[in-house]
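Every number in this text was worked out from the coordinates using simple rules, so none of it is lab data. Being a predicted model, the structure only gives us computed values, none of them experimental. Here the Cβ positions follow ideal geometry from the backbone for every residue, glycine too, while neighbour counts run over all protein chains shown.
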């Protein structure tokens, strides 16, 4: 493999791993633990407030103050997700396609199953059709 192709492969792998890390961190902040699901996935400001309340032992007045902050910023967050979400998804699909081309047929099958499981664990972003 030539140097350029090797660098491109390493870059793609790094982007993929970074995507996994960012996705897991975002899911952890948005709701119940990514790898410790107990029932349907709950995301959004209410789930985040529940998580903060549980992890930080927020008092009732703190909960109400944080709820107001989340409600105030929710329209901007939704707008940003609608704008950026499709671009992130497109890039993610391109990265996966490029990785798939580097794999043997057996690896491609395992990779496809791995991505299916990963996608099933991710919360549904606000821009996605429900």
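Values as computed for the structure displayed
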item: Computed FRET value (nearest 0.05) for residue 79 with residue 10, which takes r as the C-beta separation and R₀ as 30 Å; result: 0.30
item: Pairwise FRET efficiency - residue 120 versus residue 90, Cβ, R0 = 25 Å, nearest 0.05; result: 0.80
